[in-house]
Amino acid sequence: MFQEVVEAEGHLIDSHLMERIFDTVVEYNGKFEVERFSVGKTNAEPSRLRMKVETSDAADMEQMLSNLIALGCTPVDTGDAALETVEQDSCAPLDFYSTTNHRTQVRHEAEWIEVENQRMDAMIVVGDGHAACRRLRDLKKGDRVVTGMRGIRVLPESKERDRLAFAFMSNGISSERQLDTAVRQCVTLMEQARAAGQKIVVVAGPVVIHTGGGPALASLIKNGWVQALLAGNALGVHDIEAALLGTSLGVRQTDGRQEEHGHRNHMRAINAINHAGSIAKAVESGKLTRGVMYECVRAHVPFVLAGSLRDDGPLPDTITDMNLAQDAYAVELRGAGLVLCLGSMLHSIATGNMLPSWVKIVCVDINPAVATKVSDRGTGQAVGIVTDVGQFLGLLQHALESQQ
């Protein structure tokens, strides 16, 4: 039999980690024996688990340990993390350790060091007494990369025992949730982020404009509630179309009727910005006088528009190189305490993949499958609010103004 002794610490019961740890052992045909378990007696005091696991197959043990480490278990007799040298740019050693989005430490020269720039699906590069996550494409020849499963400690985020400030987190994703309550709790999260000096980042799709949420989002930006806007080309195009021509996808925003020859309005909006040279220059020249993009320029709120294959135009500000767009997103997400994802599955999933698990994410969409997919892709801290995005933004704007 192959045996290991592992330890875990944290809110193991509240976060349902205990049952997941036991289920993982059984899933890989293993057996476990709890050698020691103590329950935290206060909200701040963690529970502690020490148990022996065994399997009859070495491959099962390796897979089991991989999954147990992701749940916060650390082998007791671990030693230092194994390091291998990268021999070619963008090519990791075959047995590289792939990171989660949870806080991670590696043991190097008999000391545990914190991994910087935490994100999922990255490698850990160790050097000069530091360890940091690095994407596969960013690996350079000579980098020392963590391999195997030894010398790695993962610290999953736990749900606090007092969940009142984020109560709807514990109820799953449902359309049968009172929207006013969810909005008030979002206001609380935004106020907490602001008080902590953290950024509030908005990830938005064009549905924000189609559903009439543009003015509310523009107001949030104007009043200092948004520190970065991440979107695709379409949000910028339809926001500018609405600002210049009063339509979104050719539909009049005043009465919801199709504008005659309105199908070309989004191209007219792109053409106008092309003539100006950029969105900022259109604002400076007085051509663009309202809207989400206008308020970003006026308030000096950075925005990133990431292009895609289906884009018309695109706008001159849109980044069409996907690697550069990812890099630009990552820059604006640094220092974020709260991310609001509004009606964009593609950009919400992409953003979630870049974030550590301690950054709160609220995903608002009329389709419950969107919030579910964001969570299922590894962003377990994401909370879903199933509702019309325009209605949500209107209520959020009103609630923030009422608080002030």
Next item on the list: State, to one decimal in nm, how far the label point of residue 334 lies from the label point of residue 188, with both points 7 Å from Cα in the Cβ direction.
Entry: 3.2 nm
Notebook entry, point to check: Once you measure Cβ to Cβ distances between cysteines in the chain, which Cys have no partner under 4.7 Å?
Noted result: 73, 91, 133, 186, 296
Next item on the list: Sum up the lysine pairs in the chain that clear both bars: alpha-carbon distance under 23 Å and a spacing of 8 or more or different chains.
Entry: 11
Item checked: Pairwise Cα inverse-distance average, inverted: Kirkwood Rh of segment 78-158 (Å) -> 12.3 Å
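Quote the FRET efficiency, to the nearest 0.05, computed for residue 312 versus residue 26 with a Förster distance R0 of 45 Å and r equal to the Cβ-Cβ distance. Write out the running numbers ahead of the final one.
On the way: r = 53 Å, r/R0 = 1.17.
Calculated transfer efficiency: 0.30.
Given all pairs of different Cα atoms, what value in angstroms does the Kirkwood hydrodynamic radius of segment 1-77 take? Mind dumping the intermediate values first?
Working: mean 1/r = 0.0804 Å⁻¹.
Averaging 1/r across every pair of different Cα atoms and inverting gives 12.4 Å.
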Checklist line | Kirkwood Rh and Cα Rg combined as Rg over Rh, evaluated for the chain | finding: 1.03
Check: Can you give me the Cα centroid spacing of segment 12-41 and segment 382-404 in angstrom?
Finding: 39 Å
Check: Label points 7 Å out from Cα along the Cβ direction at residue 116 and residue 258: separation in nm?
Finding: 5.6 nm
Check: Points 7 angstrom from Cα along the Cβ direction at residue 180 and residue 67: gap in nanometres?
Finding: 4.5 nm
Check: Name the trypsin sites (Lys or Arg not before Pro) in segment 41-147 that are in a loop by DSSP and that have at most 16 other C-beta atoms within 10 Å, would you?
Finding: 41, 140, 141
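Over the chain, what is the relative contact order in percent, taking alpha-carbon pairs closer than 8 angstrom and at least six residues apart?
Details: 844 pairs, mean separation 60.7, N = 404.
Once normalised by length, the contact order is 15 percent.
According to the Cα gyration tensor, what semi-axes, each the square root of 5 times an eigenvalue, does the equivalent ellipsoid of segment 266-346 have, listed from largest to smallest in whole Å? Present the calculation step by step, with values, prior to reporting the outcome.
Numbers: eigenvalues 100, 58, 27 Å².
With the √(5λ) rule applied to segment 266-346, the semi-axes are 22, 17, 12 Å.
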Check: Taking the convex hull of the alpha carbon atoms in segment 1-155, what volume per residue do you get, in Å³?
Finding: 112 Å³
Margin query: Given axes a ≥ b ≥ c from the Cα gyration tensor, I'd like to know whether segment 209-278 is rounded (a/c under 1.5), prolate (a/b larger than b/c) or oblate.
Written below: oblate
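Which FRET efficiency value, to the nearest 0.05, is calculated for residue 324 and residue 138 with the Förster distance at 22 angstrom and r the Cβ-Cβ distance?
Working: r = 13 Å, r/R0 = 0.59.
It comes out at approximately 0.95.
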Notebook entry, point to check: Using alpha-carbon positions, what is the distance between the centroids of segment 204-271 and segment 302-363, in Å?
Noted result: 18 Å
Check: What GluC sites (Glu not before Pro) does segment 74-156 have in DSSP loop regions with at most 16 other beta carbons within 10 Å?
Finding: 87, 109
Margin query: Give me the extension gain from residue 44 to residue 3: residue separation times 0.36 nm, minus the current Cα-Cα distance, reported in nm with one decimal.
Written below: 11.5 nm
Notebook entry, point to check: Which residue, 138, 311, 128, tops the fluctuation ranking in a GNM of the chain built on C-alpha contacts under 10 Å?
Noted result: 128
Next item on the list: Take 194, 36 and order them by how many other Cβ atoms sit within 10 Å, fewest up front.
Entry: 36, 194
Check: Normalised by the residues of segment 333-397, what does the relative contact order come to in percent, with Cα pairs under 8 Å and at least six apart?
Finding: 32 percent
Note to self: Springs between alpha-carbon pairs under 10 angstrom, Gaussian network model over the chain: which of 325, 269, 59 fluctuates most?
What the structure shows: 59
Notebook entry, point to check: Among 88, 326, 192, whose mean-square fluctuation peaks in a Gaussian network model of the chain (Cα, cutoff 10 Å)?
Noted result: 88
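Within segment 257-306, which GluC sites (Glu not before Pro) sit in a loop by DSSP and count at most 12 neighbouring Cβ atoms inside 10 Å?
Details: sites: 259, 260, 284, 295; in loops: 259, 260.
Qualifying residues, ordered by number: 260.
Counting pairs of alpha carbon atoms under 8 Å apart in space and at least six apart in sequence, what relative contact order in percent does segment 1-77 give? Write out the running numbers ahead of the final one.
Numbers: 130 pairs, mean separation 35.6, N = 77.
Relative CO of segment 1-77 lands at 46 percent.
All of the numbers you see were taken from the coordinates with simple rules; none came from a lab. None of the values given here were measured: they were computed from a predicted structure. All Cβ positions, even for glycine, are placed from backbone atoms using ideal geometry, and neighbour counts span all protein chains on display.
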